[in-house]
1. Just need a number here: residues in the stretch 131-187 that are among the polar types (S, T, N, Q), under 27 Å from Ile47 (Cβ atoms) and either touching a Pro at 6+ places or on another chain (Cβ under 8 Å) or buried (at least 19 other Cβ atoms within 10 Å of the Cβ) (or both).
2. Which of the residues spanning the stretch 265-298 are assigned to a strand (DSSP E or B) and under 24 Å from the mean Cα position of the chain (by Cα)?
3. Just a yes or no: is a residue in the stretch 15-32 touching a strand residue (DSSP E or B) at 6+ places or on another chain (Cβ under 9 Å), of a type in the set (Phe, Trp, Tyr), in contact (Cβ under 8 Å) with a residue 40 or more places away in the chain and outside any strand (DSSP E or B)?
4. Quick check on my filter: what residues within the stretch 188-214 are at pLDDT 95 or above and basic (Lys, Arg)?
5. Inspect all residues belonging to the stretch 236-258 and state whether any of them is at pLDDT below 95 and under 30 Å from Lys21 (Cα atoms).
6. Between Asp233, Asp259, Asp302, Asp293, which is more than 26 Å from Leu190 (Cα to Cα), of a type in the set (Asp, Glu), touching a helix residue (DSSP H, G or I) at 6+ places or on another chain (Cβ under 8 Å) and not assigned by TED's automatic domain parsing to the domain that holds Lys16?
7. Give me the pairs, please: first residue somewhere in the stretch 72-94 and in the same structural domain as Met9 (by TED's automatic domain parsing), second residue anywhere and assigned to a helix (DSSP H, G or I) and of a type in the set (Asp, Glu), beta-carbon distance under 9 Å, and either six or more positions apart or on two chains.
8. Can you tell me how many residues in the stretch 175-184 are in contact with a Phe, Trp or Tyr (Cβ under 8 Å, 6 or more places away or on another chain) and either modelled with pLDDT under 95 or aliphatic (A, V, I, L, M) (or both)?
Amino acid sequence: MSDNQKSEMFRNRLAKVYKHKSKLAKRQQLSCYRIYDHDLPEFPFCIERYEDKLYLAEYLRRHGMTDEEHETWLDECLVIIHEITEVPVENMFVRQRKRMSHREGQYEKMDAREEYITVLENNLKFQVNLTDYLDTGLFLDHRITRKMVMDQSKDKRVLNLFCYTGSFSVYAAAGGARSVTSVDLSKTYLTWAEDNFVINLFKDKDKYSFLHADVKQYLKTLLPNSFDLLIMDPPTFSNSKRMKDFLDIQRDHVELINDVIAATSPGGTIYFSTNFTRFVLDKENIKAVDIKDITKATTPFDFEGKLKRWCYRISC
């Protein structure tokens, strides 16, 4: 197949998925959604829209091109993407993403430009960074799960563990939570989470707290009946120097979930998710009233058939 034929194939595929997904996004009043994810092996991109900008992650592969040839090929791809989406090339942010083993860092920093834009999701504001990190600060695949949390948060004491940039916490505050506690080991992400609260005008420091802590150790300090609704979206693996012990989610999930259950009020709910594709939940050893796999129910339209994460609702 010639290069021109390959380019035409990419153009046709992108045009098809963009027409379909942009229509669904408009119907749902979404301005942030995934357009394309490695649909064609010759064009290994993940393309996401954030308002009037595009984020492109190119998965690294053995393409056999020289640096100059690759640069030319990428430029040609950007022109095609512009023609289909009508987003100017200068509004496209391109990152190169190697396929992570489950033992590598989740939030590797790539740059230090510190350029943030504010985007809307369900009338809530979030700061995203399209230049400095492999992940933008808003996991689009959890859009439905966030709405579930908001709908359940009224008058609840909410705990968001491994909170990252606090998007679940913002949704909980918007849902009328009595209190929201966000915990993460990264001061950078906690500051980002606080900024997300500020831009949404959630400023009550008596209700909203941000804790810099190792989640595994923090859970051991909690008393029974401390929280009513909990969210836990841990990294697959972490060996940060700030942790007392490394985290391996397959090895540690039973202990983690049981510690969370011990701190949850009777009748409380836990949302647990993991990106580890080979994850196997050890239901037998988890002391829950009920565990429901809600992966399919929480998969947005722009991730159907492509989602590589698990999500469970655990009743206490």
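The values are calculated or read from the model by the stated rules, or taken from the named source; none is laboratory data. Since the model is a prediction, treat every value here as computed from it, not as a measurement. Neighbour counts run over all protein chains shown; Cβ positions are idealised from the backbone, glycine included.
1. Count: 4.
2. Step one: list which residues in the stretch 265-298 are assigned to a strand (DSSP E or B), which gives 265-274, 290-293.
Gly268, Thr269, Ile270, Tyr271, Phe272, Ser273, Thr274, Ile291, Lys292, Asp293 - these are the residues of the stretch 265-298 that are assigned to a strand (DSSP E or B) and under 24 Å from the mean Cα position of the chain (by Cα).
3. Yes, that holds for at least one residue.
4. Across the stretch 188-214, the qualifying residue is only Lys207.
5. There is at least one residue in the stretch 236-258 that is at pLDDT below 95 and under 30 Å from Lys21 (Cα atoms).
6. Details: Asp233 fails: more than 26 Å from Leu190 (Cα to Cα); Asp259 fails: more than 26 Å from Leu190 (Cα to Cα); Asp293 fails: touching a helix residue (DSSP H, G or I) at 6+ places or on another chain (Cβ under 8 Å).
Exactly one residue qualifies, and that residue is Asp302.
7. Trp73/Asp3; Glu76/Asp3; Val89/Asp75
8. Narrowing the stretch 175-184 to residues in contact with a Phe, Trp or Tyr (Cβ under 8 Å, 6 or more places away or on another chain): 179-184.
Right, trim to either modelled with pLDDT under 95 or aliphatic (A, V, I, L, M) (or both) and you get 180, 183.
The total comes to 2.
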